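Undergrad: Got a structure for you, questions after.
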């Protein structure tokens, strides 16, 4: 008798038989892969993934032997031989060999034992007779994937491999969990249906727009009706081009729900650039369709781990259900970040890839689509188109500044606009005009702003925000002057924004100096805005903070340039393109024509050799040996990083709640819930500045890899947040938030 998993019982009566595990995983993998037409491939992957457990060495390990056993390579070798070493068999070999360690590079270095090519030659314990006694493997199956001419085959085949890999590891995990922890397994699934969510949404919106008052609200109601009617269109690629302030968040949710119900799609995934917008949008979604339907999956979410589920109350079980859903995204509505979503599409590790198969037959909405990955835009866009074409997903690019994405494809791709008359809607929401000030300096900006009772200035770095704020302190009354940047913890920023909104609503003097974070969906309404030169999409977002509710005549957004903030990297490219458009369209730089030309400047007039939209040559790497089915999965995963320099999180004792939570953290056995409470008190620092603080004893490690500012009274300013450790750190501060 061969076993897959064991319990502590010595008589083996409760041990899981290997044939049971393989058959279960085969059936579940086939079920998952059938969604995109690869059920037969999934069945084979499930049957062979643990074939190496048909070995005496592995059975000895279950009986207590400390000898390590590679049980993943055997199945990969078996399918390679069973299918006569056809190159196509390597797809299954990758996922079987990597179902624990991750998808490997195929490789050419015979000395690197991690590569698939090396593992296919590795000596393993014979198991063929035992395997064939229990399992039957069919003949070579044709590839269930139409390779479209003109589209990168390397991208298509590597994504298919990841999707099949996702099916296998999710099925394997679910069956193992069901055997080892049934109470945990039974929490999965049983979430509300999308048809019920759409009913909740309609009821909520009927109450909200029952009798719309005011010109803006009447137009928002019209747009909602129009976009809901468009949801009957066949699944595919869509743009949703709506001006700032038009109610895009709730309108896009309505489109997604009706479209999913109409076409029997399985879930809705919102992909958003920043966690600050995620938390805001998730609150809106929960209010509209219920707290039991929305899963936030991003770096700010922390959990308490493992309790006795049989004794837990319903609230805990509901929280646990959401935590489990993070593993595979089996939930009605998922709200996540660009980083989590796109890095998973190009990942090779088990934990990152497990959820991918659940993107098939889903609605995927790219919120603020113009911020979609810059130097990795092309592989990101190709992957989205592939999800639509071969995996039944509907993709919605939602933004007020819509790039002409079709121009990035080698052949025309059908992308439908949801809004019937975009120019008309932009004209209806026109509330500002743009004026270019040209080259100036922060002294001049400070002088101008001191004469404005209410004004907002958005600058490009945290360094610039601090410096301008210090200049304004000499010119504006303290109670009327505010600063916002990510050097302030979220709870601090939240308190400042509440104070800012209160002063604006009461028509009191209010002058705000901010980094770009104010543009990320923050609802403030200033009569005048100054914006340092940046990408035109950022300028348009800044304009959305000016005369936001349309209660004033047309207001002015002033765009200025300084030589005090160096242009570099992708930011320098976007600012340069915006400068060109400002000169070309002096009358209306935010017109649809100007925005279209901006993105042409930014993306589409570059030769292949100079292509800055695939900085790390991801597509080239995947195509290099595509005929050999030789893919560099691990290399691609390492290169596809949206954030290349990771900041270091530090907790700040901003208020009494933070102090109490930090004290509890020092002594608690379980820390997940406490970390969640402390998330609003985190500030991200440059690695080098973090190291300087820590070397001086000003940052302490409260728990393993959890750090706090040891002297907040010395280093945390109640106006600007964490002070720079040195003048050099101040000068090097180029973060844009």
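Undergrad: Give just the number: which of (1) surrounded by 15 or more Cβ atoms within 10 Å (Cβ to Cβ); (2) assigned to a loop (DSSP other than H, G, I, E, B); (3) not assigned by TED's automatic domain parsing to the domain that holds residue 372 does residue 474 not satisfy?
TA: All conditions pass for residue 474, except number (1).
Undergrad: In addition: How many residues, within the stretch 399-443, are within 27 Å of the chain's Cα centre (by Cα) and assigned to a helix (DSSP H, G or I)?
TA: Within the stretch 399-443, residues that are within 27 Å of the chain's Cα centre (by Cα) and assigned to a helix (DSSP H, G or I) number 4.
Quick grid of which residues meet (1) under 35 Å from the mean Cα position of the chain (by Cα); (2) assigned to a helix (DSSP H, G or I); (3) on the phi < 0 side of the Ramachandran plot; (4) surrounded by 15 or more Cβ atoms within 10 Å (Cβ to Cβ):
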| site | (1), (2), (3), (4) |
| --- | --- |
| 4 | no, no, yes, yes |
| 37 | yes, no, no, yes |
| 43 | yes, yes, yes, yes |
| 64 | no, no, no, no |
| 96 | yes, yes, yes, yes |
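Undergrad: Quick one: which of 120, 157, 103 is modelled with pLDDT of 90 or more and closer than 20 Å to residue 328 by Cβ?
TA: 103 is the lone residue from the list that is modelled with pLDDT of 90 or more and closer than 20 Å to residue 328 by Cβ.
Undergrad: State all residues of the stretch 192-232 that are in a helix (DSSP H, G or I), without any contact (Cβ under 8 Å) to a residue 60 or more places away in the chain and under 30 Å from residue 552 (Cβ atoms); if no residue qualifies, say none.
TA: Those that are in a helix (DSSP H, G or I), without any contact (Cβ under 8 Å) to a residue 60 or more places away in the chain and under 30 Å from residue 552 (Cβ atoms): 207, 208, 217, 218, 220, 221, 222, 224, 225.
Undergrad: When the stretch 45-57 is examined, which residues are found to be in a helix (DSSP H, G or I) and crowded, with 24+ Cβ neighbours inside 10 Å?
TA: Answer for the stretch 45-57, where residues must be in a helix (DSSP H, G or I) and crowded, with 24+ Cβ neighbours inside 10 Å: 45, 46, 47, 48, 51, 52, 53.
Undergrad: Another one. Restricting to the stretch 173-185, name every residue that is in a helix (DSSP H, G or I) and surrounded by fewer than 24 Cβ atoms within 10 Å (Cβ to Cβ).
TA: 173, 174, 176, 177, 178, 179, 180, 182, 183, 184, 185
Undergrad: Report yes if some residue within the stretch 500-509 is more than 23 Å from residue 447 (Cβ to Cβ), touching a helix residue (DSSP H, G or I) at 6+ places or on another chain (Cβ under 6 Å) and assigned to a helix (DSSP H, G or I); otherwise report no.
TA: Checking the stretch 500-509: not a single residue is more than 23 Å from residue 447 (Cβ to Cβ), touching a helix residue (DSSP H, G or I) at 6+ places or on another chain (Cβ under 6 Å) and assigned to a helix (DSSP H, G or I).
Undergrad: I'd like to know if the stretch 667-675 contains one or more residues that are over 26 Å from residue 274 (Cβ atoms), surrounded by fewer than 18 Cβ atoms within 10 Å (Cβ to Cβ), in contact with a strand residue (DSSP E or B) (Cβ under 9 Å, 6 or more places away or on another chain) and free of Cβ contacts under 8 Å to residues at least 24 places away in the same chain.
TA: Looking through the stretch 667-675, at least one residue is over 26 Å from residue 274 (Cβ atoms), surrounded by fewer than 18 Cβ atoms within 10 Å (Cβ to Cβ), in contact with a strand residue (DSSP E or B) (Cβ under 9 Å, 6 or more places away or on another chain) and free of Cβ contacts under 8 Å to residues at least 24 places away in the same chain.
Undergrad: Within the stretch 355-378, can you find the residues that are at pLDDT 95 or above and surrounded by 21 or more Cβ atoms within 10 Å (Cβ to Cβ)?
TA: Listed by number, the residues that qualify are 355, 356, 357, 358, 359, 360, 362, 363, 364, 365, 366.
Undergrad: In the stretch 633-656, which residues are free of Cβ contacts under 8 Å to residues at least 60 places away in the same chain and out of contact with any strand residue (DSSP E or B) (no Cβ under 8 Å at 6 or more places or on another chain)?
TA: Scanning the stretch 633-656 gives 638, 639, 644, 645, 646, 656.
Undergrad: Considering only the stretch 540-576, state which residues are closer than 18 Å to residue 436 by Cβ and within 23 Å of the chain's Cα centre (by Cα).
TA: Matches in the stretch 540-576: 540, 541, 542, 574.
Undergrad: Filter the stretch 3-25 down to residues that are touching a strand residue (DSSP E or B) at 6+ places or on another chain (Cβ under 7 Å) and closer than 22 Å to residue 137 by Cβ, then give me how many there are.
TA: Of the residues in that region, 6 qualify.
Undergrad: Considering only helices (runs of 4 or more DSSP H) fully contained in the stretch 278-353, which possess at least 2 residues that are at pLDDT below 90 and loosely packed, with under 15 Cβ neighbours inside 10 Å?
TA: Fully inside the stretch 278-353 and qualifying: 314-328.
Undergrad: Something else now. If residue 534 satisfies all but one of (1) in contact with a strand residue (DSSP E or B) (Cβ under 9 Å, 6 or more places away or on another chain); (2) surrounded by 16 or more Cβ atoms within 10 Å (Cβ to Cβ); (3) part of a loop (DSSP other than H, G, I, E, B); (4) modelled with pLDDT under 90, what's the number of the condition it fails?
TA: (4) is the only condition that residue 534 fails.
The values are calculated or read from the model by the stated rules, or taken from the named source; none is laboratory data. This one's a predicted model, so the numbers in the text were calculated from it and none came from an experiment. Glycine also receives a Cβ, built like all others from the backbone with ideal geometry; neighbour counts cover every protein chain displayed.
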